[in-house]
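Input: a single structure, listed below in structure tokens.
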Amino acid sequence: MPACRFIPVARAGVDRPLFSLPPRRGWCAVALALIAIGLGESVSRGKADEVPAADAATALRVEPGGIVNAPGEVVEADGSRHAVSELSGIAWLGGDSYAAVMDGSDRLLFLTITPDVSGAPSVSGAPPTVTFERSLALDRLRDWEDLAIFTRADGRRRWFFVEEDTPAVREFAEADGAAPGRAAPRPLRAVGVASLEGPFRSARANRGPEALALEPDCSRLWTANEEPLERDGPPVASGVAGKVRLVGLAIDDARAIGAEAIERRREVIYEVDPPHDRVSLGGGPLYSGVVALAALGEGRLLVLERSAAAGVPPLENRIYLVDTATAAEARNVSGDLAAVAPVAKTLLWKGALGVNLEGLCTGPRLPDGRLTLVAVADNGADNGVGRRPNPVACFFLTSP
């Protein structure tokens, strides 16, 4: 009997399962059926059995606002079609417009996302409405993991992308002649690059930078390695947390990103939770790491952790709040990180939505004061029958 496989994650066109199970008699099939039923209900109904956690210090909290499977392709104005899969990063463009990237694809996606806000603020809303409007080819194929966008006063945008191949943060600009503020710019041109090989040297395979977030004033760009670097300690394990580095790159408004962003960087230690509690099915690796960041300003970040394991439930997602402004500097610390206190973090939400969340961004503020959060999931490219769905989830960040 073939091995039971869970939630593949492709990298540069290669289908690598997030984890897999060896054959285990008849109970494996039964367990898979139970998991499939539970996950199917959570996505199709926008089910949210999660309990929001209050931030005692600021009274901030995150409430789920519905989840939906987005279309599996984008249809261009000329009728051509491009498959959509493995959503790994998302950024807000303004209004209900967003841009997203996919693992192992050179296409930048433009989409509209409209959350359902008809219910009471404390009640999960209906699934959001998601439409892929168009796409745009980047000038190269990389393992794009996330993106961040800054709109200048004249309407032109700075486009930042993080990729795990090099690894590096790369900046793109709209080609000459592009109309300022267009939702879908003309082809982007590469204008700068900041190598992350120094901060993330000795990254474990496929555990490098997954996240990217830009301070609202464009003063600093934040990224993080997914799981501990080899030089920073052992990998995560059952009951064992992992320490990663939140790296803040200094951004100069007068020039494109380059080596100076690395030279003037900040590094803060962040401790990722151990893999989530589960009914273990045995076999397969454990995962628990940072997969996305969203910047609230002045060094305050939302951190999305993703945990995965062969068990029930197979996944857990967590959103924490951290304040890096007063955190200890760690850029010159290597080896024993015990001497550096990790940044304090506050749990705002956690739950098993049944999807592999990998991207998170802030969106518009609603009339009632809530801030929209949008997350996307990388559920792999192909399950042997057809393309996997593309879940998009909405949350709301609330305060008194």
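Assorted remarks:
- Relative to the compact-globule estimate of 2.2 N^0.38 Å, the Cα radius of gyration of the range 281-394 comes out at 1.27.
- In terms of packing, defined here as the mean over residues of other Cβ atoms within 10 angstrom, the peptides 320-333, 62-75 line up highest first as 62-75, 320-333.
- Per-pair calculated FRET efficiency, R0 = 41 Å: Ala328 and Ala153 via Cβ, rounded to 0.05: 0.70
- Stretch gain in nm, segment Ser280-Arg204, where the contour uses 0.36 nm per residue and the Cα spacing is subtracted: 24.9 nm
- Ranked packing of 189-200, 236-247, most packed first, by mean Cβ within 10 Å: 236-247, 189-200
- Exposure proxy shown here: for Leu249, Leu87, the number of other Cβ atoms within 10 Å sets the order, fewest to most, as Leu249, Leu87.
- Cβ crowding within 10 Å, taken as a proxy for footprinting-reagent exposure, orders Phe110, Phe172, Phe160 from fewest neighbours to most as Phe110, Phe172, Phe160.
- Net charge in the neighbourhood of Val333 (other residues with Cβ under 11 Å of its Cβ; Lys, Arg +1, Asp, Glu -1) is 0.
A short reminder: the numbers here are calculations on the coordinates, not readings from a lab. Computed from a prediction, not measured in an experiment: that's the story for all the values here. Cβ atoms come from the backbone with ideal geometry, glycine included; neighbour counts cover every protein chain shown.
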